[in-house]
Amino acid sequence: MSEPVQTPLTKSAAFPTRIFSGIQPSGGLTLGNYLGALKRFVEKQDEGIETVYCLVDMHAITVWQDPVKLRHQTREAAAGFIAAGIDPTRSILFNQSQVTAHAELAWIFNCIARMGWMGRMTQWKDKTAGKDAEAASLGLFAYPALMAADILAYKATHVPVGEDQKQHLELCRDIAIKFNHDYKVNFFPVVEPVIEGAATRVMSLRDGTAKMSKSDPSDQSRINLTDDADTISKKIRKAKTDMDPLPDHVEGLKDRPEAKNLVNIYAALAGHTPAQVIADYAGAQFGTFKPALADLAVAKLEPITTEMNRLMKDPAEIDRILGAGAARADALARPVLEQVYDIVGMIRSRPM
Ligand code: TYM
């Protein structure tokens, strides 16, 4: 029996519930992206909530991207979304650069947000730590203002993300509050982060204290949604662990980051809580648990990979889907942006 792992969304009287989220096509999708974000995007869509999902290609170029690879990765990510269950007729699925409202609203937010807010972002600090921050792009520094624009161009109320995006969403709230305050309006909602489930922070398979990431130099540290069954299985069997058997209570996973990570991955894939996994595998050695996890991961991921590969054979169809999604996104965002220009005091007299 599965215990519910989701809590109902809090509702706002002033703003209808709408979900927005995004993923950078700056590399292949990982198991972290899938469990922390994509799988949950599908759940929200299937609950019948209005959902807008975006491949944030403009965020991706805040660090250098090879243009040919960027285009390929954007299509591959779109294929991953659809293969995982995003239905582009029910959700709006598109790439950010095709809807210019994002960039336009980001400029306005650049004038609302303060330098100090941006400088305090841990992702900015991490990405420039030990490096010459002066050499980082201005886009990387202003990244969270574009992220706020992504969300608020749709007046989205809820944003499902992994734990690493929490601070960026707090900044999005600060931008909405300051905009509403400075212009004496109640125009933008103060968004709620939706960070839930067993895998809000999937860790590296090589180091239980580091996040699983597409930018980790070691491919063994992550499972990619493009990995075949054999590769997934090998990576899990070789994952770093300690020598002890699994405990009989989740509290026993404290101070055992690698064991905890594998239990959380199992729980998220199976749709269980970590406590249920521990109840089933209490006292099991990794020699038993890892093959069970590998089988589960292959059973859940292989159909997605197969479908992704099939979709990637027709890139023109993927581009068509993204274009149609962009037109629908634009129809929502453009009127919001026009109202923002009006609130800010800009003349809009060009014939349409
Ligand atoms: P990005 O592309 O790094 O990651 C996309 C989503 O995947 C989640 N995620 C993880 N979750 C659990 N464990 C992990 N190891 C893991 N790695 C990644 C992230 O939390 C995220 O939800 N700034 C965002 C993209 C973005 C965005 C937005 C998100 C741009 N605009 C507006 C929400 C709303 C980012 O870089 O995510």
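The values are calculated or read from the model by the stated rules, or taken from the named source; none is laboratory data. Predicted model only: the values in this text are computed from it and were never measured. Positions of Cβ are backbone-derived with ideal geometry, glycine not excepted, and every protein chain shown enters the neighbour counts. Side chains are part of the model used for accessible areas, which takes the heavy atoms of the whole protein and leaves out ligands, DNA and RNA. Shrake-Rupley method; radii C 1.70, N 1.55, O 1.52, S 1.80 Å.
Summary of values
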read-out	value
Per-region count, segment 177-220, residues touching a helix residue (DSSP H, G or I) at 6+ places or on another chain (Cβ under 9 Å), farther than 25 Å from residue 275 by Cα and modelled with pLDDT of 95 or more	15
Residue match in segment 174-182 (condition: more than 10 Å from the ligand (Cβ to nearest atom), small (Gly, Ala, Ser) and either outside any helix (DSSP H, G or I) or open to solvent by less than 10 Å² (accessible area, probe 1.4 Å) (or both))	yes
Selection from segment 309-336 of residues that are closer than 16 Å to residue 88 by Cα, in contact (Cβ under 8 Å) with a residue 12 or more places away in the chain and of a type outside the set (A, V, I, L, M, F, W, C)	315, 319, 323, 325, 328, 330
Residues located in segment 107-126, provided they are buried (at least 19 other Cβ atoms within 10 Å of the Cβ) and more than 13 Å from the ligand (Cβ to nearest atom)	108, 112, 113
Subset of segment 161-171 [more than 7 Å from the ligand (Cβ to nearest atom) and in contact with a helix residue (DSSP H, G or I) (Cβ under 7 Å, 6 or more places away or on another chain)]	167, 171
Some residue of segment 246-256 being among the charged types (D, E, K, R), part of a helix (DSSP H, G or I) and within 26 Å of the chain's Cα centre (by Cα)	no
From the options 260, 235, residue that is more than 28 Å from residue 79 (Cα to Cα) and under 24 Å from the mean Cα position of the chain (by Cα)	260
Unique match (being assigned to a helix (DSSP H, G or I), among the aliphatic types (A, V, I, L, M) and without any contact (Cβ under 8 Å) to a residue 24 or more places away in the chain) among 268, 294, 299	299
Count - residues of segment 192-228 that are within 9 Å of the ligand (Cβ to nearest atom) and open to solvent by less than 20 Å² (accessible area, probe 1.4 Å)	4
Those residues of segment 229-239 which are surrounded by fewer than 17 Cβ atoms within 10 Å (Cβ to Cβ) and in a loop (DSSP other than H, G, I, E, B), in sequence order	238
Output for segment 51-68, where each listed residue is farther than 19 Å from residue 148 by Cβ and within 15 Å of the ligand (Cβ to nearest atom)	63, 65
Segment 298-321, subset in contact with a Ser or Thr (Cβ under 8 Å, 6 or more places away or on another chain) and of a type in the set (A, V, I, L, M, F, W, C), residue farthest from residue 261 (Cα to Cα)	308
Residue match in segment 170-182 (condition: in contact with a Ser or Thr (Cβ under 9 Å, 6 or more places away or on another chain) and either under 18 Å from residue 334 (Cβ atoms) or free of Cβ contacts under 8 Å to residues at least 60 places away in the same chain (or both))	no
Meets criteria (closer than 24 Å to residue 203 by Cα and more than 12 Å from the ligand (Cβ to nearest atom)) for residue 129	yes
Qualifying residue in segment 142-149 (condition: under 24 Å from residue 333 (Cβ atoms), over 16 Å from the mean Cα position of the chain (by Cα), within 13 Å of the ligand (Cβ to nearest atom) and in a loop (DSSP other than H, G, I, E, B))	no
Flag for residue 104 being open to solvent by less than 80 Å² (accessible area, probe 1.4 Å), farther than 29 Å from residue 47 by Cβ and either touching a helix residue (DSSP H, G or I) at 6+ places or on another chain (Cβ under 7 Å) or without any contact (Cβ under 8 Å) to a residue 40 or more places away in the chain (or both)	yes
Check on residue 24, open to solvent by 30 Å² or more (accessible area, probe 1.4 Å), within 21 Å of residue 309 (Cα to Cα) and touching a residue at least 24 places away in the same chain (Cβ under 8 Å)	yes
